[in-house]
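Trainee: Would you mind keeping the following structure in view while I ask a few things?
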Amino acid sequence: MTLESRAATLERGTPAFRRANWALFLAAFSMFGSLYSVQPLLPIFVTEYGVRADESSLALSLTSAVLGIFMVFAGALSDAAGRKRLMVTSLWLTAVLNFAVMAAPTWTTLLVARTVLGLVLCGVPSVAMAYIAEEMDPRSLSFAMGLYIGGTAIGGMVGRILLGVMAD
């Protein structure tokens, strides 16, 4: 690493490092919260939409499957469009699609919105680690990656628990 490229990295303890890590933590938190928030609602879907219990699991399964499949392509897209731009766009579209899921009048509409949500969500986890590796000082990588991974775990947990409590 040259002295010039090293100066461009975010060093631990700086305001820019804190802002970037806070943003990545919140991105991971919101992404995994959005992904898993429907899990405690599956029994409610059976009642509200009149679907079988095994069908209700499609609300999570379709999202997860599409997310997994399209993560490969999102990495290539981030090379062309830029990692930060892809993550920001993904987060904005996630918010819009979550409103679409909440307002879904039919089971099919909900499944379509959740499927598209899986496509949109892949813009964060597919490029976040690469972004961290490129932008952070090498001595701070483990801290930054650990914080991002913590955001994914906490987001998934809070998404399940908070929606479960709200639905109860």
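Trainee: Does the range 79-168 classify as rounded, prolate or oblate by the C-alpha gyration tensor (a ≥ b ≥ c root eigenvalues; a/c under 1.5 gives rounded; else a/b over b/c gives prolate, otherwise oblate)? Write down the numbers at each step before the final one.
Mentor: Working: a/c = 3.71, a/b = 1.61, b/c = 2.31.
Since a/c reaches 1.5 but b/c is at least a/b, the shape of the range 79-168 is classed as oblate.
Trainee: Any chance you could run the full-extension gain for ARG12 through ALA103? It's 0.36 nm times the residue separation minus the Cα-Cα distance, nm to one decimal. Working shown, then result.
Mentor: Numbers: separation 91, 0.36 × 91 = 32.76 nm, distance 4.21 nm.
Taking ARG12 through ALA103 to full extension adds about 28.6 nm, to one decimal.
Trainee: Tally Lys and Arg at +1 and Asp and Glu at -1 over the other residues with C-beta under 15 Å from the C-beta of SER126: what net charge comes out?
Mentor: Values: positive: ARG83, LYS84, ARG85; negative: ASP79, GLU134.
Here the count lands on +1.
Trainee: Just from the alpha-carbon atoms, what are the Rg and Dmax of the chain in angstroms?
Mentor: When restricted to the Cα atoms of the chain, Rg and Dmax are 17.7, 63 Å.
Trainee: On to the next question. At 1.4 Å probe size, with every protein chain present, just tell me what the per residue accessible area of the range 25-68 comes to in Å². Intermediate values should be presented prior to the final figure.
Mentor: Values: 1960 Å² over 44 residues.
Accessible area per residue, the range 25-68: 45 Å².
Trainee: What's the magnitude of the charge dipole for the chain around its Cα centre, counting Lys and Arg as +1 and Asp and Glu as -1 at the beta-carbon? Answer in Debye, nearest 20. Provide the component values of the computation, followed by the final result.
Mentor: Numbers: 11 positive and 10 negative charges, 61 e Å.
The dipole of the chain has a size of about 300 debye.
Trainee: Let me ask something else about it. Please list, in chain and number order, the residues 5+ apart from MET136 or on another chain whose amide H is under 5 Å from its amide H, with Hs placed from the backbone.
Mentor: LEU10
Trainee: Can you give me the Cα centroid spacing of the range 124-155 and the range 5-65 in angstrom?
Mentor: Spelled out, the Cα-based centre of one part sits 15 Å from the other.
Trainee: Ok, one more. On alpha-carbon atoms, Rg over Rh for the range 74-119 using Kirkwood Rh? Walk me through the intermediate numbers first.
Mentor: Values: Rg = 12.6 Å, Rh = 11.4 Å.
Answer for the range 74-119: 1.11.
Trainee: Decide, for the range 40-112, between rounded, prolate and oblate: order the square roots of the alpha carbon gyration tensor eigenvalues as a ≥ b ≥ c, take rounded if a/c falls under 1.5, and otherwise choose prolate if a/b is larger than b/c, else oblate. Could you put the intermediate results ahead of the total?
Mentor: On the way: a/c = 3.72, a/b = 2.11, b/c = 1.76.
Judged from the Cα gyration tensor, the range 40-112 comes out prolate (a/c at least 1.5, a/b above b/c).
The values are calculated or read from the model by the stated rules, or taken from the named source; none is laboratory data. Quick caveat: nothing in here was measured; it's all calculated off a predicted structure. Every residue, glycine among them, receives a Cβ derived from its backbone with ideal geometry; neighbour counts consider all protein chains shown. Accessible surface areas use protein heavy atoms only, side chains included; no ligands, DNA or RNA. Shrake-Rupley method; radii C 1.70, N 1.55, O 1.52, S 1.80 Å.
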